Amino acid sequence: MDVPPALKVFANQTSLMQVLVNLIINAIHASGNAGRIEIRAESKNNISYISLRDYGPGVPDELLEKIVQPLFTTKGDEGTGLGLAICKEIIEIEHKGRMNVQNSNDGRTGLVVNIEIPNKELQEVA
């Protein structure tokens, strides 16, 4: 884990925790016996960046856009297809940020989830 100790992210703590727990659970499932997950976070230019990477098989490129859509799952009967969709909604709607998923581009396997959250006080959430 590469997270500066003094890093502050302006976010709803409960919602952000829900996102991170879901992403970690997905990464654990995807990694199987590889068992390695990397989490990085930093803040630059008034934006907090969080990146979570697993070392599983990744996702076929043609499915990358679909895996964040509600009810789409690559887990068969084991998944609901709601986890990544809810994460994306929390980041983009509640926190006015961005979330994207991509396969690792360093020649190794794995999926990378990148989150950007503006460092400003949250507006009141309905």
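Selection over the stretch 22-37 of residues that are within 16 Å of N103 (Cα to Cα) and open to solvent by less than 50 Å² (accessible area, probe 1.4 Å) gives a count of 5. Can you tell me which residue in the stretch 50-59 is nearest to H95 (Cα to Cα), limited to those that are open to solvent by less than 60 Å² (accessible area, probe 1.4 Å) and either hydroxyl-bearing (S, T, Y) or in a loop (DSSP other than H, G, I, E, B) (or both)? Result: S51.
Does D2 satisfy the condition of being at pLDDT 85 or above and not aliphatic (A, V, I, L, M)? Answer is no for this residue. For the stretch 66-77, check the following and say yes or no: at least one residue is at pLDDT below 85, over 21 Å from G97 (Cα atoms) and assigned to a helix (DSSP H, G or I). Checked the stretch 66-77: at least one residue is at pLDDT below 85, over 21 Å from G97 (Cα atoms) and assigned to a helix (DSSP H, G or I). Within the stretch 1-21, the set of residues being open to solvent by less than 60 Å² (accessible area, probe 1.4 Å) and under 13 Å from the mean Cα position of the chain (by Cα) comprises S15, L16, V19, L20.
Within the stretch 104-115, being under 18 Å from N22 (Cα atoms), open to solvent by 30 Å² or more (accessible area, probe 1.4 Å) and at pLDDT below 95 holds for no residue. Would a scan of the stretch 79-88 turn up a residue that is open to solvent by less than 70 Å² (accessible area, probe 1.4 Å), at pLDDT below 85 and part of a helix (DSSP H, G or I)? Among the residues of the stretch 79-88, at least one is open to solvent by less than 70 Å² (accessible area, probe 1.4 Å), at pLDDT below 85 and part of a helix (DSSP H, G or I), which makes the answer yes. Residues in the stretch 1-49 that are assigned to a strand (DSSP E or B) and either among the small types (G, A, S) or touching a His at 6+ places or on another chain (Cβ under 8 Å) (or both): 3 in all.
The values are calculated or read from the model by the stated rules, or taken from the named source; none is laboratory data. The structure presented is a predicted model; accordingly, all values stated were derived computationally and were not measured. Note that we place each Cβ from the backbone using ideal geometry, even for glycine, and neighbour counts take in every protein chain shown. Just so you know, the surface numbers come from the protein's heavy atoms only, side chains and all, with ligands and any DNA or RNA stripped out. Shrake-Rupley method; radii C 1.70, N 1.55, O 1.52, S 1.80 Å.
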